[in-house]
1. Between residue 146 and residue 86, what is 0.36 nm times their sequence separation minus the Cα-Cα distance? Round to one decimal in nm.
2. What is the distance, in nm, between label points placed 7 Å from the Cα along the Cα-to-Cβ direction at residue 36 and at residue 56?
3. Of the peptides 32-40, 55-63, how do they stack up when ordered by the mean number of other Cβ atoms within 10 Å, highest first?
4. Based on the Cβ-Cβ distance from residue 45 to residue 11, what FRET efficiency comes out when R0 is 30 Å, to the nearest 0.05?
5. Of all DSSP beta bridges in the chain, what percent run antiparallel (nearest 5)?
6. Would you look at the GNM of the chain, springs on alpha carbons closer than 10 Å, and say which of 99, 54, 117 moves the most?
7. For the chain, what is the calculated [θ] at 222 nm in deg cm²/dmol (nearest 500), taking -39500 (n - 2.57) for each run of four or more DSSP H residues and dividing by its residue count?
8. Going by average Cβ density within 10 Å per residue, which order do the peptides 143-149, 106-112 take, highest to lowest?
């Protein structure tokens, strides 16, 4: 960490974006697996995870979008471009599955993972080039209340680095 006046700024490693993406995928897999979904991480254009719903005969093709936010930037929207919708849709057609998005955000005080059908986001896309998944307090309250959106929220606390601090 470095001091920037009255706040502390967290310096991130050069690979932090890649590691954040991997964490978002692994946390999505963990959450699904814990709730009896058969699932696997895949390497395919448009989708990152295959999952089978434990009760419905439904296969999900999940595109994971992961972002890391520092203190003061927690409310920055997650932008999802039209081409990402098209890629996910194409992959899901090829593998006969329903397109979903998993949106993972590492904010200053919490990790939040939202899982929702792509159709929910397509309503916002319309003729726009991107969807802005808003991270304001008001938007997050609306997501919590929406039964079409599954939410996993983990609270974070300031770590104690012990001997690594020096």
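1. Length gained between residue 146 and residue 86: 19.2 nm.
2. Placing both labels 7 Å along Cα→Cβ, they lie 1.6 nm apart.
3. 55-63, 32-40
4. 0.40
5. Percentage antiparallel, nearest 5: 75.
6. Among 99, 54, 117, the largest GNM mean-square fluctuation belongs to 54.
7. That calculation yields -9000 deg cm²/dmol at 222 nm.
8. Final packing ranking: 106-112, 143-149.
No lab work stands behind these numbers, since they all come straight from the coordinates. In this text, all values refer to a predicted model and were calculated from it rather than measured experimentally. Note that each Cβ is placed from the backbone with ideal geometry, even for glycine, and that neighbours are counted across all protein chains shown.
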